Structures are given as C-alpha cells and as structure tokens.
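Undergrad: Handing you this structure, nothing more for now.
The values are calculated or read from the model by the stated rules, or taken from the named source; none is laboratory data. It should be emphasised that the depicted structure is a prediction, and the values quoted were computed from it without experimental measurement. Cβ sites come from the backbone with ideal geometry, for glycine too, and all protein chains shown count toward neighbours. Areas reflect the complete protein model, heavy atoms only, side chains present, ligands, DNA and RNA absent. Shrake-Rupley method; radii C 1.70, N 1.55, O 1.52, S 1.80 Å.
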Amino acid sequence: MLHQGSRFSSLIILYAIFSLSSLMLKSEGTEHIVGDSNGWELFTNYTNWTQGREFHVGDVLVFNYKSDQHNVMQVNSTAYTDCGLDNYTTLFTKGNDSIILSEVGKLWFICGVDDHCVNGQKLSINVAP
C-alpha cells in the first residue's frame with residue numbers, strides 16, 4: 001500500500017511540474033521589434049507594420065533608434081492625433097527601449113523630436129488579452 005501511495009504522489013508531483021512549466025511557457029509574450037530591421041525611424045509606415053500582427057498582454061514592444069535623433073513618447077489618443085508633445089505619459093530616450101504590454105486596450109506612441117510625428121513617426125496598437 002505504501003508503495004502505491006508513493007507512486008501516486010510522484011505522479012501528482014510530475015503533473016504539477018508539467019502544468020507549471022506549461023503556464024510559464026504561455027506567460028512569455030512575443031517580442032515585437034517596431035519597424036523590424038528599420039527600427040523606430042522617420043518615413044516608416046507603422047500602420048503597415050502593424051498589419052497582420054497581434055499584440056497581447058505580456059508581449060514586448062522593442063523600439064530601436066539612435067538616441068541622439070529620436071525618442072519614444074507614450075501618449076493619449078489626442079496627443080497621437082495632434083502630435084502633441086506636451087501631453088505624454090512616459091518618455092523613453094535610451095535608443096533600445098523595451099515596453100511590456102501590461103493591459104488590454106489601445107496604446108499610442110510618437111517621436112517627440114522636431115516634426116518627426118507630423119512626418120509619420122507614430123505607432124498605434126490595440127492590445128488584446
């Protein structure tokens with residue numbers, strides 16, 4: 001009897017380890033390099049870049065750019081539409097910024113340097129669960 005109980009306990013432990021490792025694999029999001037090999041750059045059509053991509057909570061947006069030429073501002077919808085530079089929620093300036101998508105909904109990003117946003121350096125995404 002003790003032998004069977006020990007075997008049963010081992011099976012439960014193995015099942016728990018398998019279940020946890022499966023959850024850990026699922027919790028790792030997809031890394032999206034904004035603009036692919038072009039990076040975060042002027043005159044790139046980011047609306048086209050988002051086509052066919054799905055963004056989910058846990059995914060990571062990676063913005064690669066020359067920090068002396070660009071930045072990334074997370075903004076609201078109005079600032080995105082108007083390219084308003086005064087109403088940002090977060091400013092990124094390192095040149096290799098990784099942003100973890102932590103909640104469902106729309107997110108907007110612009111470049112706050114000179115007229116870059118007006119010239120199309122902006123990104124809007126919809127984050128799904």
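Undergrad: For segment 73-89, how many residues are of a type in the set (Gly, Ala, Ser) and more than 16 Å from Lys106 (Cα to Cα)?
TA: Of the residues in that region, 1 qualify.
Undergrad: Could you check, for segment 112-125, whether at least one of its residues is exposed (fewer than 13 other Cβ atoms within 10 Å of the Cβ) and within 15 Å of Gly39 (Cβ to Cβ)?
TA: Taking every residue of segment 112-125 in turn, none turns out to be exposed (fewer than 13 other Cβ atoms within 10 Å of the Cβ) and within 15 Å of Gly39 (Cβ to Cβ).
Undergrad: So which residues in segment 36-61 are within 18 Å of Ala128 (Cα to Cα) and aliphatic (A, V, I, L, M)?
TA: The answer is Val57, Val60, Leu61.
Undergrad: With respect to Tyr46, determine if the residue is aromatic (Phe, Trp, Tyr), open to solvent by less than 60 Å² (accessible area, probe 1.4 Å) and in contact with a Cys (Cβ under 9 Å, 6 or more places away or on another chain).
TA: Details: aromatic (Phe, Trp, Tyr): yes; open to solvent by less than 60 Å² (accessible area, probe 1.4 Å): yes; in contact with a Cys (Cβ under 9 Å, 6 or more places away or on another chain): no.
So Tyr46 does not fit the description; no.
Undergrad: Give me the pairs: first residue in segment 81-92 and among the small types (Gly, Ala, Ser), second residue open to solvent by less than 100 Å² (accessible area, probe 1.4 Å), beta-carbon distance under 8 Å, and six or more apart or on different chains, which are they?
TA: Hits for this filter: Gly84/Val75; Gly84/Thr78.
Undergrad: Which residue pairs have Cβ atoms closer than 7 Å, lie 6 or more positions apart in sequence or on different chains, and pair a first residue in segment 67-80 that is surrounded by fewer than 22 Cβ atoms within 10 Å (Cβ to Cβ) and among the aliphatic types (A, V, I, L, M) with a second residue that is modelled with pLDDT under 95 and part of a loop (DSSP other than H, G, I, E, B)?
TA: Listed pairs, sorted by first residue: Ala79/Asn87.
Undergrad: Need pairs with beta-carbon distance below 7 Å; first residue in contact (Cβ under 8 Å) with a residue 24 or more places away in the chain and within segment 31-53, second open to solvent by 70 Å² or more (accessible area, probe 1.4 Å) and part of a loop (DSSP other than H, G, I, E, B); sequence gap 6+ or separate chains.
TA: Final answer for the pair search is His32/Arg53.
Undergrad: Return yes or no: is Cys83 modelled with pLDDT of 95 or more, under 18 Å from Ser67 (Cβ atoms), surrounded by 12 or more Cβ atoms within 10 Å (Cβ to Cβ) and of a type outside the set (Gly, Ala, Ser)?
TA: Numbers: modelled with pLDDT of 95 or more: yes; under 18 Å from Ser67 (Cβ atoms): no; surrounded by 12 or more Cβ atoms within 10 Å (Cβ to Cβ): yes; of a type outside the set (Gly, Ala, Ser): yes.
No.
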